[in-house]
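Novice: One structure is given below, represented as structure tokens, and several questions about it will come after.
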Amino acid sequence: SSYDTLDSSDRITVEKSNGYGRYVRDNLYDIISEITTLSNEQLLDITHKSYREVTKDRIRQSVKTNDVMIVESINAIEDLDESTSRLIERLRQWCMPYLPELDKIHNHQLYTRIVAMETTRENIKNSPLLEGTNIELSEDYDIQMDDNDLEKIKSFAVSLNALYESKNTLESYIQMKVHEVAPNLYDVAGANLAAKLIAHCNGLENLAKLPSSTVQIIGAEKAVFRHLKTGEKPPKHGLIFQHPSIRGSNWWHRGKLARAVAGKISIAARRDAFTGEYSPELKEQLDERVEKIKKDNPFPERRNKKSADDKKQKNGKKSKKDKRKKSKRNKRKLKKGEYTY
């Protein structure tokens, strides 16, 4: 813009917000109308054009960083997951009376492809997709369906299979895009988890500005507020539980592993966002740290008897009704002839 070409002496700089600035913002139209010959309509038109240029510039900046593409792609995959999980259940219920043997196939996409390619039991029995599944269609099963009904089932399966193909295409695209935009984060967290973290923070730069303690619990906001409100134990991890080193570990390792993974994710995000320097040693350091944690803690730690504060933290705040029930339960029944004073 023309403002960028001005000398520093000709530019207007405001060190901090003050009363003069607030007065100018509140009475901008009146001030400009006094020092210029512009009408209100012309002034509004100029202001509108200026806002449009600023908006276009910000959109260009966001698209240039490729954060928007990653955010929208991972959100689209989550929407597809939600849709396909409902539709595959409907397809299985629809095919159950006619093809009960196929219900043993746990791979939803394979199930959909089989139904989408063939319609009759004879054709499905000879389908090459059944090889390696150890599933055989019984010849004694004599329930038949109309050709029109089978055609509708096949059409529904074809549409569902197209959704699965779209999801696979988006996953490949995210792999490529995350590796291009954030190679360090790609190595440390993986493409899928890295994309979810970027989407949750609405950008790689916003993720890089967060401390590792916040990165550790991203996605577990409800558990955090429940901890603050009721005194329950705080969450150990949020979205980073999907990291393979945490998800496949023993329960007593997860807290330490979550801290280690969150720390490396923070470092990787900052290098990708601010320096652009590729550091393959981050992944190696994380693997070494994970192995050390598992080696140093082969068994869960033995804890002493919990204090009253620990019990209160675990159970949270109790209502008066619960306290009355507990006190009533603990009262000793009086024997005949006993009295209380």
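No value in this document is a laboratory result; all are computed from the given coordinates. In this text, all values refer to a predicted model and were calculated from it rather than measured experimentally. For neighbour counting, all protein chains shown are included, and Cβ atoms are generated from backbone atoms with ideal geometry for every residue, glycine included.
Novice: Considering amide H positions built from the backbone, and no H for Pro or chain starts, which residues 5 or more places from Ala220, or on another chain, come under 5 Å of its amide H?
Specialist: Those lying under 5 Å, H to H, from Ala220 are Leu239.
Novice: I want to check the label-to-label distance for Ile143 and His106. Put each point 7 Å from Cα in the C-beta direction and report it in nm to one decimal.
Specialist: Once both label points are built, they end up 2.4 nm from each other.
Novice: Explain nothing, just the number: dipole magnitude of the stretch 19-58 about its Cα centre with +1 on each Lys and Arg Cβ and -1 on each Asp and Glu Cβ, in debye rounded to the nearest 20.
Specialist: That gives the stretch 19-58 a dipole magnitude of about 260 debye.
Novice: Could you list, in their original order, any pairs among Lys167/Lys295; Lys236/Lys283; Lys233/Lys264; Lys177/Lys229; Lys152/Lys177; Lys154/Lys196 whose Cα atoms are separated by more than 29 Å?
Specialist: Listed pairs above 29 Å: Lys167/Lys295; Lys177/Lys229; Lys152/Lys177; Lys154/Lys196.
Novice: Just name one of Ile135, Ser166, Met117: the one whose Cα is farthest towards the positive end of the charge dipole of the stretch 68-175 (beta-carbon charges, Lys/Arg +1, Asp/Glu -1).
Specialist: Ser166
Novice: Mind checking the full-extension length gain between Glu131 and Arg226? Use 0.36 nm per residue of separation minus the Cα-Cα distance, one decimal, nm.
Specialist: This chain segment gains 29.2 nm when fully extended.
Novice: Along each of the three principal axes of the Cα atoms of the stretch 19-58, give the extent in whole Å, ordering the values from largest to smallest.
Specialist: Between the extreme Cα coordinates on each principal axis of the stretch 19-58 lie 29, 26, 11 Å.
Novice: Right, something else. Among Lys196, Lys152, what is the fewest-to-most ranking by other Cβ atoms within 10 Å?
Specialist: With the sparsest Cβ surroundings first, the list reads Lys152, Lys196.
Novice: With unit charges on the beta carbon (Lys/Arg positive, Asp/Glu negative), name the residue among Asn184, Leu207, Val224 whose Cα is farthest towards the positive pole of the charge dipole of the stretch 182-296.
Specialist: It is Val224, whose Cα lies furthest towards the positive end.
Novice: What is the gain in length, in nm to one decimal, between Phe299 and Glu78 on full extension, counting 0.36 nm per residue of separation less the C-alpha to C-alpha distance?
Specialist: In short, 75.9 nm is gained.
Novice: Please arrange Val115, Val71, Val224 by counting, for each residue, the other beta carbons lying within 10 Å of its beta carbon, fewest first.
Specialist: Arranged by neighbour count, lowest to highest, Val115, Val71, Val224 become Val224, Val71, Val115.
Novice: May I pose another question? Any chance you could check the Cα centroid distance between the stretch 77-112 and the stretch 206-275 for me, in angstrom?
Specialist: Cα centres, the stretch 77-112 to the stretch 206-275: 33 Å.
Novice: Here's something else I'd like to know. Could you line up His237, His179, His48 from fewest to most neighbouring Cβ atoms inside 10 Å?
Specialist: By the 10 Å Cβ count, ascending, the order reads His48, His179, His237.
Novice: For Arg58 and Thr214 in the same chain, what is the full-extension length gain: residue separation times 0.36 nm, less their Cα-Cα distance, in nm?
Specialist: 53.5 nm
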